[in-house]
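First comes the structure, then the notes that go with it.
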Amino acid sequence: QVQLVESGGGLVQPGGSLRLSCRASGSIRVIYAMNWYRQVPREERELVATITSGGSTNYADSVKGRFSISRDNAKNTVYLQMNSLKPEDTAVYYCNAEITPWPYQYVKNTWGQGTQVTVSS
């Protein structure tokens with residue numbers, strides 16, 4: 001069974017930095033796009049950043065210039081480097097990826113369990 005496991009969340013002061021990690025485990029054939037979403041209570045989940053299998057990236061306007069997404073294909077891991085954090089970045093951050101499990105052909109949209117990021121003084 002393919003799983004995504006996030007780590008790296010926590011409490012940080014405004015202006016600080018955090019690095020989130022998300023590793024895919026299980027029998028994996030292919031990992032396509034990998035994404036980071038975030039969600040605050042009573043609001044819809046927001047797409048924060050995307051990285052394709054080829055390394056192309058895209059960001060929400062609210063995080064451009066502050067957040068950076070990267071991936072290590074050898075480790076099946078995606079990262080989110082978050083700098084200059086603001087209180088409004090406080091949310092549960094979710095990892096998401098499009099994965100084809102071995103030995104199948106279909107693509108499964110897979111979610112991690114989420115990790116809390118709190119930006120507060």
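The values are calculated or read from the model by the stated rules, or taken from the named source; none is laboratory data. Just so it is clear, the structure is predicted and the values come from calculations on it, not from any experiment. A quick note on method: Cβ atoms are made from the backbone with ideal geometry, for glycine too, and the neighbour counts reach across all protein chains shown. We work out accessible area using only protein heavy atoms, side chains counted, and drop any ligands, DNA or RNA first. Shrake-Rupley method; radii C 1.70, N 1.55, O 1.52, S 1.80 Å.
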Top-ranked residue in segment 74-90 [being farther than 20 Å from ARG23 by Cα and not in a loop (DSSP other than H, G, I, E, B); ranked as least open to solvent (accessible area, probe 1.4 Å)]:
ASP89
Across (1) surrounded by 16 or more Cβ atoms within 10 Å (Cβ to Cβ); (2) farther than 17 Å from GLY55 by Cβ, GLN105 clears everything bar (1)
Being β-branched (Val, Ile, Thr), at pLDDT 95 or above and touching a helix residue (DSSP H, G or I) at 6+ places or on another chain (Cβ under 6 Å) narrows it down to one of VAL119, VAL48, VAL78, VAL92, so name that one.
VAL119
Filter result for the condition that a residue is modelled with pLDDT under 95 and under 15 Å from VAL117 (Cα atoms), over PRO103, PRO14, PRO41:
PRO41
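Within segment 26-73, considering only strands (runs of 3 or more DSSP E) that don't extend past its boundaries, which have at least 3 residues that are within 23 Å of GLN1 (Cβ to Cβ) and open to solvent by less than 70 Å² (accessible area, probe 1.4 Å)? Steps first, please.
Numbers: elements: 28-39, 46-51, 57-59, 67-72.
Ranges flagged: 28-39.
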